[in-house]
Amino acid sequence: MTITTYNVLSLGGVTVGLSILGWTLTRWWGSHKKKNLRALRDLLPFLACCAYGMILILSAGGLLGAGADWTMWGTSEIGNAALAYGVGGGTPTVTRGSNLVLSDGGHAVVIIATVCLIAAWSLRRGFRWDLFAAVVCGISLGLSSGVAGVAGYVLSPVVSGAGDAVVGLL
């Protein structure tokens, strides 16, 4: 069974991703009186889940790749509506010209990271919406052609190389 993904990102999707990032950083900044390295520890779960979203959108297909593609489509549509009807702006496509895909070892890392994320979500009572928002942020920014998408471009070879080395594909 083949599940097709399209992976087309609009300015609206990047706007939603950057809005989630801005919301999180603003809430973090306002909740810490002392801005030191120990305070940065509170951002690590958000950044890890954001990186997971970025490597998830680089998945070539399957159920996880399709879910990420649908999430990116949803954020693009919500952001497009906000830009068009909220401020009268345009919504061009901003997908990176050369998409990197993960290797087989990289896909293994995505599955392992998914299991770890499910464990983190079920660690406390209730669903962790903050982690979900971070994953959506990563999905929305992972294919961006601008500065916002640099992390997704850098993560792909790192994750693929690490996954290949761990599972013995090198």
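Readers should treat all values here as calculations from the given coordinates under stated rules, not as data from a laboratory. This structure is a prediction, so every number in the text was calculated from the model and none was measured. Cβ placement follows ideal geometry from the backbone for every residue including glycine, while neighbour counts extend to all protein chains displayed.
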### Message
Out of the chymotrypsin sites (Phe, Trp or Tyr not before Pro) in the range 118-170, which ones are loop residues according to DSSP with at most 14 other C-beta atoms within 10 Å?
### Response
PHE127
### Query
Hey, can you rank 154-164, 38-48 by average C-beta count inside 10 Å, highest first?
154-164, 38-48
### Query
How high is the relative contact order of the chain, given as a whole-number percent (alpha carbon pairs under 8 Å, six or more residues apart)?
38
### Query
Which residue, CYS116, CYS50, CYS137, has the most motion in a Gaussian network model of the chain that connects Cα atoms within less than 10 Å?
CYS116
### Query
ILE78 to ALA162: extension gain in nm, 0.36 nm per residue of separation minus the Cα-Cα distance?
26.8 nm
### Message
How much length would be gained if the chain were fully extended between ARG128 and TYR85, taking 0.36 nm per residue of separation minus their Cα-Cα distance, in nm to one decimal?
### Response
12.4 nm
## Note on the structure
If amide H atoms are modeled at 1.01 Å from N in the peptide plane, then the residues at a separation of 5 or more from SER10, or on another chain, having amide H under 5 Å from its own are VAL94
### Query
What residue among THR71, THR26, THR91 shows peak mean-square fluctuation when the chain is described by a Gaussian network model with Cα springs under 10 Å?
THR26
### Task
Please build a GNM for the chain, connecting alpha carbons under 10 Å apart, and tell me which residue among LEU83, LEU131, LEU58 fluctuates the most.
LEU83
### Stokes-Einstein D for the range 105-170, Kirkwood Rh over Cα pairs, 4 °C, 1.567 mPa s (µm²/s)
98
### Query
Want the number for TRP28 to ARG41: 0.36 nm per residue separation, take away the alpha-carbon distance, what's left?
3.6 nm
